[in-house]
Amino acid sequence: NVRVPFSFSNGKYSQFFQPEIKYNYEKIMQEAATHPDIYEGFYHSMDYRLFFQNVIRKAELDLLPEWGQTVDLTYRHSPAGGTPVGDLKAAEVSLYVPGLSRNHGIRIYNGYQQKNAGKQLTFSDAVRFPRGFSRFQNKELYTFGADYMMPLCYPDRSLGRLFFLKRLRASLFYDFSRLESILYKNGTKAGTIATTLKAAGTEITADGHLLRLPAPVSAGLRGTYRAGYRNFRFEFLLMINFDFL
């Protein structure tokens with residue numbers, strides 16, 4: 001993996017550009033008792049990525065940049081040799097704008113990808129799925145997402161030796177995705193089928209430090225209403241940031 005970061009920061013603005021190239025080789029071997037339909041073999045893959053960011057630097061209490069844009073372009077393919085994996089093209093754009101009050105923030109996300117699958121394997125998605133849904137295979141995916149994030153309070157309290165609570169925050173979100181997948185009949189391709197997924201919900205998250213370790217930890221709960229299914233789904237959230245230095 002080779003990437004070269006270019007920083008053009010000036011004053012309160014942070015501008016960043018990073019090209020990246022990645023090569024991957026993977027070989028999968030099965031035991032004698034493994035079912036013969038399970039994949040065995042090797043494949044190569046190449047990833048090319050261009051990432052650009054132009055944002056106003058965040059203050060210590062800001063959850064998102066006050067203003068900014070990011071653009072992320074990805075292309076993946078499998079060179080000759082080994083099992084063909086197909087290819088993937090993706091573009092993701094995020095826009096940051098201020099919220100209604102101090103330290104609030106709004107993030108608007110748009111992502112689009114096209115994927116050509118190999119006979120046995122295919123690349124994982126680059127564009128995100130709507131929250132509350134499990135991923136499934138697709139050949140074309142568009143996702144729109146909107147987040148409103150706000151701090152609730154700053155307790156600065158220690159819960160014994162287990163957790164030091166710095167901040168409680170909340171977010172409201174809406175996600176929309178349109179997918180096109182291949183329709184199979186009796187093991188052969190019989191056309192395509194389009195699916196629309198919609199979700200809205202909220203997240204309550206606690207930020208702090210676990211067991212007095214320096215790496216920041218965020219833990220919380222997400223509740224999602226899945227419009228097409230007319231039901232709710234709840235998920236536990238946990239993130240540890242090792243890039244804090």
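The values are calculated or read from the model by the stated rules, or taken from the named source; none is laboratory data. Just so it is clear, the model here is predicted, and its values are computed rather than measured. Cβ coordinates were reconstructed from backbone atoms using ideal geometry, including for glycine residues, and neighbour counts include every protein chain displayed. Remember, those area values only see protein heavy atoms, side chains included, never the ligands or the DNA or RNA. Shrake-Rupley method; radii C 1.70, N 1.55, O 1.52, S 1.80 Å.
With the gyration tensor restricted to C-alpha atoms of the stretch 25-116, the semi-axes of the equivalent ellipsoid amount to 42, 16, 11 Å, longest first. Rounded to the nearest 10 square angstrom, Ile182 shows an accessible area of 50 square angstrom against a 1.4 Å probe. Taking 0.36 nm per residue of separation and subtracting the Cα-Cα distance, full extension of the segment from Phe52 to Arg178 would add 42.8 nm. Protein-only accessible surface at a 1.4 angstrom probe places the residues Leu141, Leu183, Leu165 in the order Leu183, Leu165, Leu141, largest first. Karplus-based coupling profile of the stretch 133-141, in residue order and whole Hz: 10, 7, 6, 9, 5, 8, 9, 8, 8, with θ = phi - 60° in 6.51 cos²θ - 1.76 cosθ + 1.60 and x standing for Gly or Pro.
With 0.36 nm allotted per residue and the present C-alpha distance subtracted, the Leu213-Leu152 stretch has 19.6 nm of extension available.
Once Rg/Rh (Cα atoms, Kirkwood Rh) is calculated for the structure shown, the corresponding label among (1) 1.01; (2) 0.97; (3) 1.39 turns out to be (1).
Counting other Cβ atoms within 10 Å, which trypsin sites (Lys or Arg not before Pro) in the stretch 79-169 have at most 13 and lie in a DSSP loop? The qualifying sites are Arg102, Lys119, Arg135, Arg161.
Determine the order of Tyr109, Tyr23, Tyr148, Tyr75 by accessible area, beginning with the largest, at a probe radius of 1.4 Å.
Greatest to least solvent exposure: Tyr23, Tyr75, Tyr148, Tyr109.
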